[in-house]
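The values are calculated or read from the model by the stated rules, or taken from the named source; none is laboratory data. A quick note: this is a predicted structure, and the numbers were derived from the prediction, not measured. Note that we place each Cβ from the backbone using ideal geometry, even for glycine, and neighbour counts take in every protein chain shown. Heads up: the accessible areas ignore ligands, DNA and RNA and are worked out on the full protein's heavy atoms, side chains in. Shrake-Rupley method; radii C 1.70, N 1.55, O 1.52, S 1.80 Å.
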Amino acid sequence: MPQYKAPLRDINFVLKNVLNCNEHFASLAGREQVGEDLVDAIIAEGAKFAENVLSPLNQVGDQEGCVWSEEGVKTPTGFKEAYEQFAEGGWPSMTADPKFGGQGLPNSLGLVVSEMTSSACWSWGMYTGLSQSAARLLENYAAEDLQQTYLPKMTDGTWGGTMCLTEPHCGSDLGILRTKAESAADGSYKVTGTKIFISGGEHDMMENIIHLVLARIEGAPEGTKGISLFLVPKFLPDADGNVGERNGVSCGSIEHKMGIKASATCVMNFDGATGFLVGEENRGLNAMFHMMNSARLGTALQGLSAGEASFQGALAYATERLQMRSLTGPKNPDGPADPLIVHPDVRRMLLTQKALAEGSRAFIYWVSQLIDVSYFSGDEQARKDAENLSELLTPIAKAFVTETGLESANYGMQVFGGHGYISEWGMEQIVRDLRISTLYEGTTGIQALDLLGRKVMGSGGKQLMVFTKIIHDFCKANEGKEEMAPFISKLAELNKEWGDVTMKIGEKAMENPDEVGAASVDYLMYSGYISLAYMWARMVAVALEGDRDDEFLKAKLQTANFYFQRLLPRTESHKLSMLNGAESLMAMPAEAFAF
Amino acid sequence: MPEYKAPLRDMQFVLHDVFKAEALWQGMPATEEVNRELADAILEESAKINEGLIAPLSQSGHEEGVHWNEGVVTTPKGYPEAFRQLAEGGWGGLSGAPEYGGQTMPKMLVLLFEEMLYSSNIAMGLYLTLTSGAALAIDSHASDELKQKYLPNMYSGKWTGAMCLTESHAGTDLGMIRTKAVPNANGSYDISGTKIFITGGDHDLTENVIHLVLAKLPDAPAGSKGISLFLVPKVKVNDDGSLGEANGVHCGSIEHKMGINASATCVMNFDNAEGYLVGEINRGLQGMFTMMNYERLSVGIQGLSAAQTAYQWSCEYARERLQSRAPTGPVNKDAAADPIIVHPDVRRMLLTQKALVEAGRAFAVYVGKQLDVSKFGDGEAKARAAGMVELLTPVAKAFLTDKGFEGTVLGQQVYGGHGYIREWGMEQLVRDVRIAQIYEGTNGIQAMDLMGRKVAANRAQNMQALLGEIRDFAQSADSVAGMEEFLTPLRDAVDNLESLTEYVLGEAASDANAIGAAANDYLHVVGFTLYMYMWAMMCRAVLSGDSQQGEAFATAKLQTARYFVQRLLPQTAALSQSIRSGSASLMDVAEDAFV
């Protein structure tokens, strides 16, 4: 079982050297005071907690899983205690609104802590991650009295939260959901219906769980325009704001899953439960969608976190496990064989993991900064631009980082040979846990439609042009730097091609709406590889300015080189495939798929 | 969980319409009694027993797993009875030698039985197919006395077989094994040592298990040239064939694995167990290699099989699950939403599975044909087929399993969140098939075997023969109307593969790492090229009127071929670029610089 070690050097490199976090924090209204000492302290303490408290729980959690009974759901040994420590440490309030006791730190800093907790123990991280997402939503959308009642306890971590969207017959297609809300005389609602796949819907880690539930008010319009959002607590607060009477919410069962077994995935039954409207009637999806950017980025982060954990395990194994001799002559002549890492194909797997993890880290941290700006910048134009850009990049981050994270986790397992398949070694758990991330929070296919359909085509290409302009400017600014040249020329070429490809698909889509869906996943992956190429080029630019003898920076340049030579060519295949169009997908009648 | 239904029509299409199996069989004395009628009867019976008996035990076996208690291994409920029925049906002796009760069926037919068996239940299938593998090694190398004593009961499924190679410190690198064989006065040997990862090492399906064990004599040379092969029964067999006393063979524990939970993966302790030499002293690996070509194809078929099941089930789900509307307008107006098969991206996932599975099946049969001709044929054809077997086996093992894994992941993805839930069965397919990329030589080892031993070592002679065969095919198919759209990409693929081969061999002249650096990507280019070849052959069968499966089937074949050409074959572009970047980006990174 790999012992997680937070990649502090890389985290610091990305945060400080590539993304200039000090400058960034200074540009955020109300967040200016975040100094380097504080950043360092948070990262160091977060790393300790992840390494020492959470990492040891990961395998236990997988083996024990959650246990359901009439009384509720019991989380695995140690989960509750770890959470108590987390809450005592003040972590749940990190990015919360100071009005309700939060520390008001930027999300892009909170994200670093989430990366570490997710790498150490994915399932555990879900309880806190979802609770914080629910709190952020309430901060932005709930009426003040609801905020006053619920947010202080959600902020200090006494209470948690969930998002209740999916029903058995509706996942991607929320327009057909059936959960009902009847208005009561006192202005509250009675919520009735069944929700499935509710992560953290019921558990024993926090004293109350605040559900955010999508439902239809009687007489609401059909489809997505008739959906409202409700706050439905597990326990109704009493007059003092403490846990009072039990509400009509219960967990009917928990799912048996491929992975994230320590995360309770619940069927939630709402039976005339008292709920309170959040935001306006029939505008529930808007509030959800607003939150979705950060929730999706959180899922992208899980892909990165697990990829990182898998890389660490595989690297340790590849340097220790002795098997066969190097093709260029023994490298470990005193041992019976050479370590695996001498073999080119093992290096291919490790470097793929490394290049994806480091590129994804830079990418996600950057997108998170954009989201910070979109919320807190004092400059309205900057806010708007950042919002546009983060909306474009979020589906890329979500789908690309989870898809490539899965590839990476499979490589990590492959490096272990037969041992990778054995539970005790921990590598197969990473694959099983990670597998959920291309499914939940909108499948890869849904992200791809969001990117190409809503964001790129929906804005007539404008949202994309914001990004290609940034890349273009970056390439211009680095023109003529000899060592940058191989990276810049390729990036500039792809950046131009990106626009051309988009135009071509746009033209086809005018003729045939199926062209968007037919191109979408190839388009998203294509966009992902270019986005990471941009991040790698930025890292190269920073590394070249540093100490030439610094082994870390040398490795950065080599990993960038690997990325450009061995992974970036995949854009070519995605391009060829998507430009071949929808015809070969749509021609076959449904009956002919199998005889 | 859906039911498994054997794809008999496609199997018959491949066997009869594409490869004209009957004519081939009747041209070889050993198989001349096998005709189409018999083959179809075998396929139908195989479908019945697998659909009705073996498939229904898959999920319960996954949930229940194998249990170990004080050295006794118990398989899941229903397994011993089902295994007995398989054995009584003669399915264990299909390809066995007739003098010991086998049926000498051609591999191209037997492998379709294997496909159904693994599609139904990989874990159960392994007990039977490993027995066939062990029997094959005994048949090829053991003395007549050993054959007489052991083979009839192995073919009849009264006893099973196991292959004992790996030790905890020696997986890929068998030269380092430590298990000892000390000669006794009576010609037998005392075998002592510990083997791990022994599939079917112990169980309650049969009264005896026949182990084939690699071990070293006390004075054996170091490394792989000092390894001998021994037959070690779990229970000793008396001269009259009855069971005697227990041998010193014990199962120390079983592994907890990611999947194939119903297959016992055993730690086997040999404690002065009585063993009998198979083949010559110090030539044990050769004995293993004979059967390895069959075993590796069989593992490849596991990939194909799991992907076939995933395709079937996800196809069914996509036709039934209603979610969102088709981009071109509702097609299922009376219901709340359209079946998800209307969505282009769902079609992409289904057609990718379909295109890979159907080409994979044709490829497996094609390799089976080479095995048959190399075994039963004569003269130049036999020699040529033997060369093809050498060349194609690593591709069959690695490409079929890599694509098999990809197929199951896509099938799971079609199910959305439900794909992650155990009850639906999709996650089991992913978990079960994952081992196939690892065991019988990891796919990295297969790639090295292909690029290094099979291509570079004989200066690409066999590869040239293959490319020549494909070019001849393209020429002969040129006159068939409608073939051009398939022959053009086939010719391009062959040219590309030829030039890549030249490139790598050229690099290898001065760079010992060139082969390892290219190996994985090269194997995939070879795989895609062969799949293109398979699709062209299938299209020719359709377009020249050889298909007897009806109009709709024929049209679907052409459409799937088009999908392959347009949307999957472009993957070779990225792989080719990656190969041409050489080994520097992999090898320049210092070992310490990885983290």
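Observations, loosely collected:
- Distance (nanometres) between label positions extended 7 Å along Cα→Cβ at A:Lys462 and B:Ser242: 9.2
- For the segment B:333-341, counting C-beta atoms of other chains within 10 Å of every residue's C-beta and taking the mean gives 3.
- Straight-line cross-link partners of B:Lys382 among the lysines, defined as a Cα under 30 Å from its Cα and at least 8 positions apart when in the same chain: B:Lys20, B:Lys107, B:Lys147, B:Lys225, B:Lys369, B:Lys397, B:Lys403, B:Lys454.
- On the principal axes of its alpha-carbon atoms, the stretch A:489-595 has extents of 63, 32, 14 Å, going from largest to smallest.
- Solvent-accessible area lost in complex, 50 Å² minimum, residues of the stretch A:327-347 relative to chain alone, 1.4 Å: A:Leu327, A:Pro344, A:Asp345, A:Arg347
- Solvent-accessible surface (1.4 angstrom probe) belonging to B:Thr166, in square angstrom, nearest 10: 30
- Members of A:Lys80/A:Lys234; B:Lys48/B:Lys557; A:Lys354/B:Lys257; A:Lys153/A:Lys261; B:Lys5/B:Lys236; A:Lys16/A:Lys48 lying beyond 29 Å, as alpha-carbon distances in this model show: B:Lys5/B:Lys236
- Separation of the stretch B:466-541 from the stretch B:1-53 is 29 Å, based on Cα centroids.
- Computed with every protein chain present, the accessible area of B:Arg9 is close to 90 Å² [probe 1.4 Å].
- Simple point charges give the picture: +1 on the Cβ of Lys and Arg, -1 on the Cβ of Asp and Glu, and for the protein assembly as shown a dipole about the Cα centre of about 1360 debye.
- Percentage relative contact order, the stretch A:460-586, counting C-alpha pairs under 8 Å, at least six apart: 29
- Averaged over the residues of peptide B:568-581, the number of Cβ atoms from other protein chains lying within 10 Å of each residue's Cβ is 6.
- Calculated over the stretch B:449-582, the projected area of the Cα convex hull averaged across directions stands at 8.0 nm².
- When the trypsin sites (Lys or Arg not before Pro) in the stretch B:160-200 are filtered for DSSP coil states and for at most 14 other beta-carbon atoms within 10 Å of their beta-carbon, the remaining sites are B:Arg178.
- Annotation note: trypsin sites (Lys or Arg not before Pro) in the stretch A:492-595 located in DSSP loop regions with a Cβ neighbour count of at most 15 within 10 Å are A:Arg548.
- Value of Rg to Rh for the protein assembly as shown (Rh from inverse mean 1/r over Cα pairs, i.e. Kirkwood): 0.97
- Relative contact order, whole percent, for the stretch B:1-99 stands at 20, derived from Cα pairs under 8 Å and 6 or more residues apart.
- Calculated P(r) of the stretch A:342-407 - Cα pairs past 14 Å, %: 63
- For chain B, the relative contact order is 13 percent, taking Cα pairs closer than 8 Å that sit 6 or more residues apart in sequence and dividing their mean separation by the residue count.
- For the stretch A:120-181, taking Cα atoms only, Rg and Dmax work out to 14.1, 40 Å respectively.
- Area accessible to solvent at A:Tyr141, 1.4 Å probe radius, in Å²: 70
- The order of the peptides B:584-590, B:36-42 by mean Cβ neighbours within 10 Å, most packed first, is B:584-590, B:36-42.
- For the chain pair B and A, the buried solvent-accessible surface (1.4 Å probe, both sides summed) amounts to about 8100 Å².
- Accessible area expressed per residue, chain B, with surrounding protein chains retained (probe 1.4 Å, Å²): 33
- Order by protection proxy (mean Cβ within 10 Å, highest first), peptides B:169-176, A:325-332: B:169-176, A:325-332
- Occluded residues from the stretch A:569-584, i.e. those whose accessible area drops by 40 Å² or more once the chain is not alone (1.4 Å probe): A:Pro569, A:Ser573, A:Ser577, A:Asn580, A:Ser584
- Backbone amide hydrogens, once placed in the peptide plane, bring B:Ser253 within less than 5 Å of B:Val267, excluding anything fewer than 5 places away on its chain.
- Which of B:Asp478, B:Asp345 is most accessible, then next, and so on - probe 1.4 Å: B:Asp478, B:Asp345
- Mean projected area of the convex hull spanned by the Cα atoms of the stretch A:1-119, taken over all viewing directions: 8.9 nm².
- Hull-based mean projected area of chain A, where the convex hull spans the alpha carbons, in square nanometres: 29.4
- D_trans [Stokes-Einstein, Kirkwood Rh over alpha-carbon pairs] for chain B, 25 °C, 0.890 mPa s, µm² s⁻¹: 98
- Rg to Rh, two decimals, where the stretch B:377-463 supplies the alpha carbon set and Rh follows Kirkwood: 1.18
- Near the amide H of B:Ser263, within less than 5 Å, lie no amide hydrogens of residues on another chain or at least 5 residues away, with H placed in the peptide plane.
- Counting only residues at least eight positions apart within a chain, or on another chain, the aspartates and glutamates with an alpha carbon under 15 Å from that of B:Lys216 are B:Glu167, B:Asp173, B:Asp190, B:Asp271, B:Glu274, B:Glu280.
- The mean number of Cβ atoms from other chains found within 10 Å of a Cβ in peptide A:401-410 is 1, as a whole number.
- Sorting B:391-399, B:72-80, B:257-265 by average packing, meaning the other beta carbons within 10 Å per residue, from highest down gives B:391-399, B:257-265, B:72-80.
- Residues in the stretch B:225-256 occluded by at least 40 Å² - accessible area, probe radius 1.4 Å, against chain by itself: B:His256
- Solvent-accessible area of the protein assembly as shown (1.4 angstrom probe, protein heavy atoms only): carbon and sulfur portion equals 50 percent.
- What the stretch A:460-586 shows is 40 Å² of accessible area per residue, with the surface traced by a 1.4 Å probe over protein heavy atoms.
- Distance between the stretch A:350-403 and the stretch A:70-88 - C-alpha centres, whole angstrom: 32
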